[in-house]
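The values are calculated or read from the model by the stated rules, or taken from the named source; none is laboratory data. Because the structure is a prediction, the values reported are computed rather than measured. Here the Cβ positions follow ideal geometry from the backbone for every residue, glycine too, while neighbour counts run over all protein chains shown. For the accessible areas, the whole protein counts, side chains as well, though only heavy atoms, and no ligand, DNA or RNA atoms are used. Shrake-Rupley method; radii C 1.70, N 1.55, O 1.52, S 1.80 Å.
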Amino acid sequence: MTSDIAAILAIDGIATGAVYALVAIGTVLIFTVTRVIFIPFGDIAAFTALTLAALDAKRFPGTGALVVILACLATVIEIISLLRNGELRLLPRALLFYLVLPLAVVGAAWLAMRVDPPLAIRLVLALMLITPIAPLLDRIVFRPIADGTVLLLLTVSVALHFALVGLGLLFFGPEGVRTEPLTSLSTEFAGVLISGQTMLIVIAALVFSGLLYLFFDFTLVGKSLRATAVNRTGSRLMGIRPARAGTIAYLLGSLMAGVSGILIAPVNTVFYDSGFLIGLKAFVGAIVGGMTSYPGAAIGAVGVGILESFASFESSALKDVIVFSLLIPILIWRSLASLHSEEEIEE
């Protein structure tokens with residue numbers, strides 16, 4: 001391996017790691033606020049790529065039908081919950097958030113496709129269609145068992161992943177897709193050619209990480225999310241609703257998954273089940289940060305991307321084995337370095 005090859009592999013690894021970083025940060029965000037290890041995070045990223053490819057092909061994506069089904073299920077569950085709790089006064093707001101807004105997004109996307117929109121509009125449409133998925137899944141699947149153990153939430157999350165994979169096959173088909181690059185620009189740095197897509201991936205990861213930092217440190221909503229992540233019981237006593245904080249966390253996570261899918265679609269062929277590996281490799285990076293640190297998760301994810309790049313050069317058949325083998329020393333290190341305590345059970 002020459003220094004030029006090493007530089008190319010490092011740049012490619014940083015770009016891949018930047019995508020993993022967005023997924024890892026979103027995974028940590030959802031986990032810290034809701035205690036859910038959201039396995040389908042990668043599936044949402046893959047669905048975004050498939051949605052954008054369908055829009056590029058001038059076809060209305062199956063994501064629209066998925067959002068409609070989830071919105072109807074979430075609305076029914078919310079109405080039943082309101083009836084049980086005697087809170088029918090909240091019905092108009094529930095209908096607005098769980099039915100009207102998702103259906104309005106699908107309708108707007110359908111109308112926009114009638115006029116052959118440019119690339120920028122198609123990107124916005126893909127994000128609009130993807131963003132409601134995680135909050136709707138939260139209302140349907142996770143909120144009814146929000147007080148369950150972490151193991152129960154993880155088991156349900158894995159089951160949800162397999163359900164989404166089946167729905168992905170139904171709505172998008174078995175064919176892989178790769179979208180057109182977002183930019184054709186390129187530059188040369190230290191004798192190594194860097195594509196504009198690679199620079200865009202890294203810049204987007206840095207920008208979103210910076211915006212997330214500003215959101216958590218300088219906005220009231222961000223501070224309420226941090227409070228919920230630190231102490232759910234204490235946040236309730238201070239008037240913060242963990243359910244609402246969870247919805248916001250899923251909304252932000254879904255948006256970050258969508259951005260990740262858009263960034264990775266031009267450089268990798270994406271299938272309906274590609275999201276699992278994306279999410280799993282990002283999860284390895286999140287483990288580096290102990291599932292609590294956003295900078296730690298980002299650094300770990302970039303490290304995973306670099307390791308994957310060099311491992312694919314040495315042995316493309318074993319690159320995934322090498323990456324996932326990294327979990328063993330990381331888990332041993334986290335186990336030795338962390339203080340152990342019995343899980344708190346909230347009433």
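The set of residues in the range 295-325 being open to solvent by less than 60 Å² (accessible area, probe 1.4 Å), of a type in the set (Ser, Thr, Tyr) and in a helix (DSSP H, G or I) consists of SER309, SER312, SER325. Screening ALA126 with (1) within 30 Å of ILE299 (Cα to Cα); (2) of a type in the set (Gly, Ala, Ser); (3) in contact with a Lys or Arg (Cβ under 7 Å, 6 or more places away or on another chain) gives one miss only, at (3). Identify, from the list LEU88, LEU101, LEU22, the residue that is under 29 Å from ALA229 (Cα atoms) and open to solvent by 10 Å² or more (accessible area, probe 1.4 Å). Testing whether each residue is under 29 Å from ALA229 (Cα atoms) and open to solvent by 10 Å² or more (accessible area, probe 1.4 Å) leaves just LEU101.
Within the range 1-19, being open to solvent by 10 Å² or more (accessible area, probe 1.4 Å), closer than 30 Å to PHE41 by Cα and of a type in the set (Val, Ile, Thr) holds for ILE8, ILE11, ILE14, THR16. For the range 27-55, the set of residues classified as hydroxyl-bearing (Ser, Thr, Tyr), open to solvent by less than 10 Å² (accessible area, probe 1.4 Å) and under 14 Å from ILE287 (Cα atoms) consists of THR27 only.
Each row is one residue, and each column tells you yes or no for (1) surrounded by fewer than 17 Cβ atoms within 10 Å (Cβ to Cβ); (2) touching a residue at least 40 places away in the same chain (Cβ under 8 Å); (3) in contact with a His (Cβ under 8 Å, 6 or more places away or on another chain); (4) over 30 Å from LEU182 (Cα atoms).
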{"site": "ALA71", "(1), (2), (3), (4)": "no, yes, no, yes"}
{"site": "ALA94", "(1), (2), (3), (4)": "no, no, no, yes"}
{"site": "VAL115", "(1), (2), (3), (4)": "yes, no, no, no"}
{"site": "LEU119", "(1), (2), (3), (4)": "yes, yes, no, no"}
{"site": "PRO135", "(1), (2), (3), (4)": "no, yes, no, no"}
{"site": "VAL150", "(1), (2), (3), (4)": "yes, yes, no, yes"}
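I'd like to know if the range 228-244 contains one or more residues that are of a type in the set (A, V, I, L, M, F, W, C), open to solvent by less than 20 Å² (accessible area, probe 1.4 Å) and under 23 Å from TYR20 (Cα atoms). There is no residue in the range 228-244 that is of a type in the set (A, V, I, L, M, F, W, C), open to solvent by less than 20 Å² (accessible area, probe 1.4 Å) and under 23 Å from TYR20 (Cα atoms). For the range 47-62, does any single residue satisfy the condition of being farther than 26 Å from THR183 by Cβ, in contact with a Ser or Thr (Cβ under 6 Å, 6 or more places away or on another chain) and not aromatic (Phe, Trp, Tyr)? No: zero hits.
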